[in-house]
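Below is one structure, written out as structure tokens, with a few remarks after it.
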Amino acid sequence: MDRISKETRSQNMAAIKGTDTTPEMAVRRMLYSLGYRYRLHKKDLPGKPDIFIRNRNAAIFVNGCFWHQHPNCRFATKPKSNRRFWMKKLKKNIKRDEENLMRLKKLGYKIISIWECEIGKQSVSLNQRLVKRLARSLG
């Protein structure tokens, strides 16, 4: 049973943004400070990547651990109320992500997935990982 009313829960969930999230903004600042210039939410690509770097042919996704169910992550919790609805929705998100990544790979794009939990304390290792992956995408 949920601790708050359906109306309050609905308002809370509706307030969650899909773009310009805190993790996404942190990655964008990091990329900009490294000298990369990018496009946002490229609508003509499968999955509408959060960040697209044209000269590296790289599509970057900044995934929320809950919404995309990051495996073995403490933030990828399972909802306790309305479970059937949420499990169906989260599984659908995962399936859609997999399909979009496959389509991007077939089109020849390099894909970098960054999880919400990787941002923050581990920003040095994330910074190094981004530089390494983007350097590799030159060839």
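The values are calculated or read from the model by the stated rules, or taken from the named source; none is laboratory data. Every value quoted in this text rests on a predicted model; they were computed, and no experiment measured them. Here Cβ is always computed from backbone atoms with ideal geometry, including for glycine, and neighbour counts include all displayed protein chains.
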*Scan region 26-70 for residues that are touching a residue at least 60 places away in the same chain (Cβ under 8 Å) and farther than 20 Å from E98 by Cβ and report the count.*
9
_Test set (1) outside any helix (DSSP H, G or I); (2) surrounded by fewer than 16 Cβ atoms within 10 Å (Cβ to Cβ) - C65 fails condition number_ = (2)
_Matching option when the condition is under 27 Å from R29 (Cβ atoms), modelled with pLDDT of 95 or more and among the aromatic types (F, W, Y), among F61, F66, F75_ = F61
_Those residues of region 74-112 which are under 23 Å from K48 (Cβ atoms), surrounded by fewer than 17 Cβ atoms within 10 Å (Cβ to Cβ) and touching a helix residue (DSSP H, G or I) at 6+ places or on another chain (Cβ under 9 Å), in sequence order_ = F75
*Near pairs, Cβ below 6 angstrom, 6+ apart or cross-chain, from region 1-19 (of a type in the set (S, T, Y)) to any residue that is exposed (fewer than 10 other Cβ atoms within 10 Å of the Cβ) and modelled with pLDDT of 70 or more*: none
*asked:* Suppose the filter is in contact (Cβ under 8 Å) with a residue 40 or more places away in the chain and closer than 22 Å to R3 by Cβ; does R83 pass it?
replied: no
